[in-house]
Amino acid sequence: MGRRPHGVRTITAVAMAGVIALTGGTASAAPPVAAPTGHLSCHGPVLGCVRDARHILEDVRDRLGCDHRAPFPAIYVQLQRSLETAVADGGTFDEPSWLAGSLNTAFVNLYLDAHEADRAGRPVPAAWDAAFEAARTADVNAGQDVLLGANAHIQRDMPYVLAALGLTRPGGGTRKTDYDRFQAVLDRAYGPAVQDVARRYDPLVALADDRWNPIAGLTAGQLLRTWRAQAWEHALQLAAAPDQAARDRVARRIETNAAQWAQLLGTVSVPGYRTVRDEYCRTRPGRELAPAVPAPAGAPASTPAGVPASVAAGVATAVPLPEPAGAAG
């Protein structure tokens, strides 16, 4: 897998133990736990932990090349860059050791666990399975690949990590404030992330007005905010569950919600677009690209050359929004 930061007892093991306890150890609800992975640990300065996360995600991205699973770790790299800046500047979070240290490290590790389990042919949660299968076989665009991965990671993984690591500070205050402040980090990363995915993998992602997004009525940014809010609510439900049966019911809602969203996100496809994407990626001049930089405020996105109008129109087809999460017990 490449670079392994120091440390033998990883946050993944601690968070995973909490995940198993929260879900009753069921294979359908918990991530693969056949063997400890030891991807990342966070025992030193928080800034170093975020930098370690970025390095290992860069390694995953680069090893995948033009594989359609690559756009997700590519945007994850940009997110880590934005988080690095926030931590280095200071003053963003009340408890940076939790947000940028424990939470970020455990969260990245769950993605790495799912990625390696899929590569090894081991079972993964349904939302992740849908994301990886679409990347392997579907005629979706790179923005959809990103959203499929983000759905699995935020709506499915995040509630378990949050609940396992704790929603309140040692002194009793809520950690929701820092969780909400992290949205600004995501917002700063969004433009560079889209730009990076567009130039590396799929020019369609650079189209204005989110025309690559298959969900009508919500921008990709709005989807991510909605999913993060729902993840916190699900984490609250996990933490408040009085017994294992109640936790299992919450876990089923989490898994079902993420799986249903994955189905919707993969509904729209344009026959033959895999070939368009593959050719575009293979003809990029070199694989080592400079970090993306944000476009000037208010600058319009242009339609990249080489994308047929029929393709651009096809991905704008609307699909219905899912029912609100938690509607069913």
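Per-structure values
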| read-out | value |
| --- | --- |
| Efficiency of FRET from Cβ geometry, T177 and T219, R₀ 30 Å, rounded to 0.05 | 0.75 |
| Other-chain or far-sequence residues with amide H under 5 Å of R69's (modelled H) | none |
| Karplus (6.51, -1.76, 1.60) ³J(HN,Hα), θ = phi - 60°, over the range 187-192, in Hz, Gly and Pro reported as x | 4, 5, 7, 4, x, x |
| For H43, residues with placed amide H under 5 Å, excluding near neighbours | none |
| Gain on full stretching of the segment that runs from A120 to A229 - 0.36 nm per residue minus C-alpha separation | 36.0 nm |
| ³J(HN,Hα) computed for each position of the range 146-152 - Karplus, 6.51 cos²θ - 1.76 cosθ + 1.60, integer Hz, glycine/proline x | 5, 5, 4, x, 5, 4, 4 |
| Normalised contact order of the range 66-167, rounded percent, pairs of Cα under 8 Å and 6 or more residues apart | 39 |
| Protection-proxy order for peptides 230-242, 174-186, 128-140, each taking the mean of Cβ atoms within 10 Å per residue, highest first | 128-140, 230-242, 174-186 |
| Contact order normalised by residue count of the range 163-290, Cα under 8 Å, 6+ apart, percent | 27 |
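No value in this document is a laboratory result; all are computed from the given coordinates. Computed from a prediction, not measured in an experiment: that's the story for all the values here. Neighbour counts are summed over all protein chains in view; Cβ atoms, including those assigned to glycine, are modelled from backbone coordinates with ideal geometry.
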